[in-house]
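*Asks:* Just dropping this structure here.
The values are calculated or read from the model by the stated rules, or taken from the named source; none is laboratory data. These figures come from a predicted structure and were not determined experimentally. FYI the Cβ positions are ideal-geometry reconstructions off the backbone, even for glycines, and counts take in every protein chain you see. Protein only, heavy atoms only, side chains kept; ligands, DNA and RNA dropped before computing areas. Shrake-Rupley method; radii C 1.70, N 1.55, O 1.52, S 1.80 Å.
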Amino acid sequence: MSQETLRKIEASQLKTDFTDFQVGDNVCVKVLIREGTKERTQNFEGMVIAIKGGGINKSFTVRRTFQGIAIERTFMVHSPKVVELKVLRKGKARRAKLYYMRDRIGTKKTRLREDSARIAKEFKQKLIDQESKESKPKAKKEAAAKTAVEEAATPAS
Amino acid sequence: MATTTQDYGVVGKKVGMTQIFGEDGDVIPVTVVEISENIVTDIKTQARDGYTAVQVGNFTKRDKLVKKPQLAKLQKDNLPSLSKFFEFRTYETVEGIKVGDAIDIEAFFKDLKTVKVTGTSIGKGFQGGVKRHNMSVGRRSHGSKSKRQVGSSGAGTDPGRVFKGKRMPGRMGNKQISINKAKVVKYDAENRLVLLRGPVPGKKGSILRFSARCVKSWNHYNKDA
């Protein structure tokens, strides 16, 4: 019961439509910045090297190298400051945390192969979703017709 | 002088801890406290009781589980079967409320930035000096024979005894603890929940008293009025 109450409080703060992403993806995070009274967004581009926590405490770390200096920033997924996330490139990571990237230098060594399997799977799912959307009204009609027939048949028996 | 809810207090139950995002996107650790209906069960007056206070009842239970003398009194006043009673001292005899009234919780938390929270800390059992009094630990290697020992308890023949109040191992926790200025982050009137910043004493489900004022001692109030 008490856990339910806590979940409810947390649920009101969770983002439901946040973009799906995985470790190894190159992402662009839009971060809200407040300068006095003005508000603007700043982009932070890099590779997701870790996803930590769950629920309201979920966070991810983005690493980017700029002019030979690497920067890592950790964001809370559900923070109001993280406005948007775009996946630029889906990388194939073979472990959950890519801390080994910290020891690597150079553009070629810090690259990951593109996750073609995931891209293909997501594309397929997209097609299926589209198809089911189109065929849904048809299926509904058919089901309605079926129940009507059944209803007509029951009093006779 | 008219008394307001903030002159006495309310009682609630600890639900647990979580975190919420503040306006600036900062993470605020919060303790959630559920405040069910607080009912005035008695008003203590200077003339009758020798001090002034409001007695508040909370947490209804089956009739069987309420103590008989208390149940008889509750039934006399046509009140539900409350199981727990608390007293809040006041400066003067309280006016404007009577026995059987539900305390206006919303009025209590309205515009309240900090609140005094009193509860019972989690019992830790019999603990050594290191955990209980933050004493230093001894060396763990090099043949040390004093790893987490208390050490010397005093000088030699001169006092010939251990001074009173010498910090030693013993029972820890399960004590009344107050936080004088706990920040109120939010009051959710719909669900009767209060969010306080940071931790408060006790486990989940433990009872907490809230009062708007921090009065250290009531001894000099209404002494011979």
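*Asks:* With chain B treated as a Gaussian network of Cα nodes joined by springs under 10 Å, which of B:Ile20, B:Ile105, B:Ile207 yields the largest mean-square fluctuation?
*Replies:* Most flexible of the set in this elastic network: B:Ile20.
*Asks:* Okay, next question. I'd like the distance separating the alpha-carbon centroids of region A:10-63 and region B:1-65, in whole Å.
*Replies:* 39 Å
*Asks:* Once you charge only the Cβ atoms, +1 for Lys and Arg and -1 for Asp and Glu, what is the size of the charge dipole of the protein assembly as shown about its Cα centre, to the nearest 20 debye?
*Replies:* On the way: 78 positive and 41 negative charges, 560 e Å.
Magnitude of the dipole: close to 2680 debye.
*Asks:* Quickly estimate the mean residue ellipticity at 222 nm for the protein assembly as shown, helices only: each DSSP H run with n ≥ 4 gives -39500 (n - 2.57), and the total goes over all residues, rounded to 500.
*Replies:* Numbers: 6 runs with 74 residues, N = 382.
Value at 222 nm, helices only: -6000 deg cm²/dmol.
*Asks:* Quick one: accessible area per residue over region B:87-194, 1.4 Å probe, rounded to a whole number of Å²?
*Replies:* Working: 7730 Å² over 108 residues.
Per residue, region B:87-194 has an accessible area of 72 Å².
*Asks:* Let me ask something else about it. Calculate what fraction, in whole %, of the accessible area of region B:162-217 sits on carbon and sulfur atoms when a 1.4 Å probe is rolled over the protein chains.
*Replies:* 48 percent
*Asks:* Suppose all protein chains stay in the model; what accessible area per residue would a 1.4 Å probe give for chain A, in Å²?
*Replies:* I get 74 Å² per residue for chain A.
*Asks:* Which one of B:Thr4, B:Ile28, B:Phe85 has its Cα pushed farthest toward the positive end of the charge dipole of region B:1-111, where Lys and Arg give +1 and Asp and Glu give -1 at the Cβ?
*Replies:* In region B:1-111, that residue is B:Phe85.
*Asks:* Return the subset of B:Lys44/B:Lys183; A:Lys90/A:Lys126; A:Lys90/A:Lys121; A:Lys58/B:Lys203; B:Lys116/B:Lys186; B:Lys13/B:Lys61 for which the Cα-Cα distance in this structure is over 20 Å, preserving the input order.
*Replies:* Values: B:Lys44/B:Lys183 30 Å; A:Lys90/A:Lys126 16 Å; A:Lys90/A:Lys121 12 Å; A:Lys58/B:Lys203 25 Å; B:Lys116/B:Lys186 15 Å; B:Lys13/B:Lys61 15 Å.
Exceeds cut-off: B:Lys44/B:Lys183; A:Lys58/B:Lys203.
*Asks:* Accessible area of region B:1-122 with a 1.4 Å probe: how many percent of it is carbon plus sulfur? List each step's numbers first, then the result.
*Replies:* Details: 2980 of 6100 Å².
Using a 1.4 Å probe with all protein chains present, region B:1-122 comes out at 49 percent carbon and sulfur.
*Asks:* Mind checking the dipole of chain B: about its Cα centre, +1 per Lys or Arg Cβ, -1 per Asp or Glu Cβ, Debye to the nearest 20? Mind dumping the intermediate values first?
*Replies:* Numbers: 42 positive and 21 negative charges, 418 e Å.
With only Lys, Arg, Asp and Glu charged at Cβ, the dipole is about 2000 debye.
*Asks:* Now for a separate question. Total accessible area buried between chains B and A, 1.4 Å probe, in Å² to the nearest 100?
*Replies:* On the way: alone 14560 and 12300 Å², together 25560 Å².
The summed interface area works out to 1300 Å².
*Asks:* Which net charge results when you count Lys and Arg as +1 and Asp and Glu as -1 among the other residues whose beta-carbon is under 9 Å from that of A:Thr19?
*Replies:* Details: positive: A:Lys86; negative: A:Asp17, A:Asp20, A:Glu84.
In short, -2.
*Asks:* Here's something else I'd like to know. Each residue of region A:68-76 in order: what ³J(HN,Hα) in whole Hz does its phi give by Karplus 6.51 cos²θ - 1.76 cosθ + 1.60, θ = phi - 60°, with x for Gly and Pro?
*Replies:* After applying 6.51 cos²θ - 1.76 cosθ + 1.60, I find x, 10, 8, 10, 10, 10, 9, 10, 8 Hz.
*Asks:* Exceeding 31 Å between C-alpha atoms, which entries from my cross-link table qualify? They are A:Lys52/A:Lys109; B:Lys124/B:Lys181; B:Lys67/B:Lys110; B:Lys98/B:Lys181; B:Lys68/B:Lys124; A:Lys81/B:Lys110. Show your work: numbers first, answer last.
*Replies:* Numbers: A:Lys52/A:Lys109 24 Å; B:Lys124/B:Lys181 25 Å; B:Lys67/B:Lys110 35 Å; B:Lys98/B:Lys181 29 Å; B:Lys68/B:Lys124 33 Å; A:Lys81/B:Lys110 29 Å.
Too far apart for the 31 Å limit: B:Lys67/B:Lys110; B:Lys68/B:Lys124.
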